[in-house]
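The values are calculated or read from the model by the stated rules, or taken from the named source; none is laboratory data. Given the structure is predicted, the values throughout are model-derived calculations rather than measurements. Because the Cβ atoms are built from the backbone with ideal geometry, glycine has one as well, and the counts that use them run over all protein chains shown.
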Amino acid sequence: MEILITCNSSHPRREFVLQSCSGVLSDLLGSQFDEPATVDTKFVVLIDDDPKIPNWMRVHGMRETLWKHGFGVDVAGGDVSVVATLASGLQDIVIEMFRTTVPRCPGHPHPLAVVARDTAEWQCPQDARHFRCPVGAYPQQTG
């Protein structure tokens, strides 16, 4: 699968948002993504500034040209809030577009949930003691 991230933002937090998106997409579309029908698919993430709301970026996900979903991120918030919002929004987009469970909770059939504590983390929605890891570290924790 080809993954492209395009950012048309001039915001000072542009690089942080790009790096965070890259880590989230690694978690969502990394080695655990085993849908053979989507291997030749292009997935594009478009990021731009909202012209009406200062410190707000719009994030859109697109699979080929057939689907497009988006959400907003308040980039004036703290790092944990920005990463958690990106993880939750991109997770919703990938689950909807690819009809798959990502990132999958090890040993369970459901996806992990995003929680914001001292860091943004993926955790089992049934029992946080079962599995949790920082957003951006899922493949390293499970592979």
> Any residue in the range 46-54 that is under 13 Å from the mean Cα position of the chain (by Cα) and modelled with pLDDT of 90 or more?
Replying inline: yes
>> Restricting to the range 79-101, give me the number of residues that are among the hydrophobic types (A, V, I, L, M, F, W, C) and more than 10 Å from the chain's Cα centre (by Cα).
In response: 5
> Limited to the range 89-107, what total is found for residues that are in a helix (DSSP H, G or I) and more than 15 Å from MET1 (Cα to Cα)?
Replying inline: 7
>> Can you report the number of residues in the range 63-78 which are over 13 Å from the mean Cα position of the chain (by Cα) and not in a loop (DSSP other than H, G, I, E, B)?
In response: 4
>> Between ARG129, ARG104, which is under 16 Å from the mean Cα position of the chain (by Cα) and farther than 29 Å from ASP48 by Cβ?
In response: ARG104
> What tally of residues in the range 74-113 results from selecting those that are crowded, with 16+ Cβ neighbours inside 10 Å and of a type in the set (D, E, K, R)?
Replying inline: 1
> Within the range 3-43, how many residues turn out to be assigned to a loop (DSSP other than H, G, I, E, B), modelled with pLDDT of 70 or more and exposed (fewer than 14 other Cβ atoms within 10 Å of the Cβ)?
Replying inline: 2
